[in-house]
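K.L.:
Quick one: this structure, given as structure tokens, is what I'll be asking you about.
The values are calculated or read from the model by the stated rules, or taken from the named source; none is laboratory data. Bear in mind that the values here come from a model prediction, so they are computed numbers and not experimental data. Note that each Cβ is placed from the backbone with ideal geometry, even for glycine, and that neighbours are counted across all protein chains shown. In case anyone asks, the SASA skips ligands and DNA or RNA and just uses the protein heavy atoms, side chains included. Shrake-Rupley method; radii C 1.70, N 1.55, O 1.52, S 1.80 Å.
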Amino acid sequence: MKHLIAPSVLSADFANLQRDVEMLNSSEADWFHVDIMDGVFVPNISFGFPVMEAIKKYATKPLDVHLMIVEPERYIERFAAAGAYSITVHYEACPHLHKTIQSIHEAGAKACVALNPHTPVELLTDILSDLDMVLVMSVNPGFGGQQFIHNTLSKIARLRAMAHQVNPELLIEVDGGVGLHNTAALSSAGANVLVAGNAVFAAPSPKEMISSMKNLSASAINSI
Ligand code: DX5
Ligand code: ZN
């Protein structure tokens, strides 16, 4: 099973963005996790197209774009044109989720649905086979550096069992409070994309932290 590390650029130094992007380029990170917040769906505003385009200009790895915005369907084509490899929309923001997923695929990106901590994985039963990835939020979205919500582990295990039946290739991504302390448990539960902001960028050596998380997730996933 795949085991990918996706550092969250939200925790980068925006005054030295090119430097931090190049650091990730030369690390064992697999993707760049790009958090877009609108101040409506979540109580924070992050950044928009100019910053994402600046990241894209220097990044040599796929951009994994996490839309924490209302009416995300209005912006799918623009995010795809700005270089998104995958586009994640929130279940809680999409009344016509099936249509939104179709639009993401038509725009040429991988389609992912994110679930807030209170949203049960079972609500995805009838859309799971159409998805490339599910993002299980392990904090309430809006801010980096929050504490991991423990119940996430059982959600991931339940989702992996559901995916086993209908979509064995499904990627399960986990986002929020992820670090060395829970890497092995998350990977053993069936998560194969670990997002980490604070754990990477506040580490004395971000590249060593990425490498340690990558190795730890590899051994946990291979022993399932
Ligand atoms: C939170 C964002 C996360 C955030 C994770 O709403 O979706 O991607 O950057 O940050 P850490 O790893 O610091 O919890
Ligand atoms: Zn995120």
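K.L.:
Every residue in the range 161-193 that is open to solvent by 20 Å² or more (accessible area, probe 1.4 Å), under 20 Å from His66 (Cβ atoms) and assigned to a loop (DSSP other than H, G, I, E, B), please.
P.N.:
Gly177
K.L.:
Also, I was wondering about something else. Spot the failing condition for His96; the list is (1) touching a residue at least 40 places away in the same chain (Cβ under 8 Å); (2) more than 19 Å from the chain's Cα centre (by Cα); (3) farther than 30 Å from Ala220 by Cβ, and only one is missed.
P.N.:
(1)
K.L.:
Still on this structure, I have one more. If you take the residues of the range 24-51 that are assigned to a helix (DSSP H, G or I) and surrounded by fewer than 19 Cβ atoms within 10 Å (Cβ to Cβ), which of them is nearest to ligand 1 (Cβ to nearest atom)?
P.N.:
Val51
K.L.:
Now, a different point. What number of residues within the range 3-23 satisfy the criterion of being touching a helix residue (DSSP H, G or I) at 6+ places or on another chain (Cβ under 8 Å) and either of a type in the set (D, E, K, R) or open to solvent by less than 10 Å² (accessible area, probe 1.4 Å) (or both)?
P.N.:
Matching residues across the range 3-23 total 8.
K.L.:
Of Ala109, Ala157, which residue is open to solvent by 30 Å² or more (accessible area, probe 1.4 Å), away from ligand 1 (no atom under 12 Å from the Cβ), of a type in the set (A, V, I, L, M) and over 13 Å from the mean Cα position of the chain (by Cα)?
P.N.:
Answer to the selection: Ala157.
K.L.:
Could you give every pair whose Cβ atoms fall below 8 Å, whose first residue belongs to the range 57-73 and is within 16 Å of ligand 1 (Cβ to nearest atom) and in a loop (DSSP other than H, G, I, E, B), and whose second residue is of a type in the set (Asp, Glu) and open to solvent by less than 10 Å² (accessible area, probe 1.4 Å), counting only separations of at least 6 or pairs across chains?
P.N.:
Listed pairs, sorted by first residue: none to list.
K.L.:
Further, regarding this structure: Kindly check whether there is at least one residue in the range 119-141 that is in a loop (DSSP other than H, G, I, E, B), open to solvent by 20 Å² or more (accessible area, probe 1.4 Å) and within 13 Å of ligand 2 (Cβ to nearest atom).
P.N.:
So the first thing to find is which residues in the range 119-141 are in a loop (DSSP other than H, G, I, E, B), and the list is 119-120, 125-127, 131-132, 138-141.
The next check asks that each one be open to solvent by 20 Å² or more (accessible area, probe 1.4 Å); those that pass are 120, 125-126, 132, 140.
So of that shortlist, the ones also within 13 Å of ligand 2 (Cβ to nearest atom) come out as 140.
Within the range 119-141, one or more residues are in a loop (DSSP other than H, G, I, E, B), open to solvent by 20 Å² or more (accessible area, probe 1.4 Å) and within 13 Å of ligand 2 (Cβ to nearest atom).
K.L.:
Considering only residues that are in a loop (DSSP other than H, G, I, E, B) and in contact with a helix residue (DSSP H, G or I) (Cβ under 9 Å, 6 or more places away or on another chain), look in the range 194-204 and name the one that is surrounded by the most Cβ atoms within 10 Å (Cβ to Cβ). Break it down into steps so the answer makes sense when it comes.
P.N.:
First, pick out the residues of the range 194-204 that are in a loop (DSSP other than H, G, I, E, B): 197, 202-204.
Still in the list and also in contact with a helix residue (DSSP H, G or I) (Cβ under 9 Å, 6 or more places away or on another chain): 197, 202-203.
Working: Gly197: 25, Ala202: 13, Ala203: 17.
Across the range 194-204, the extreme among qualifying residues is Gly197.
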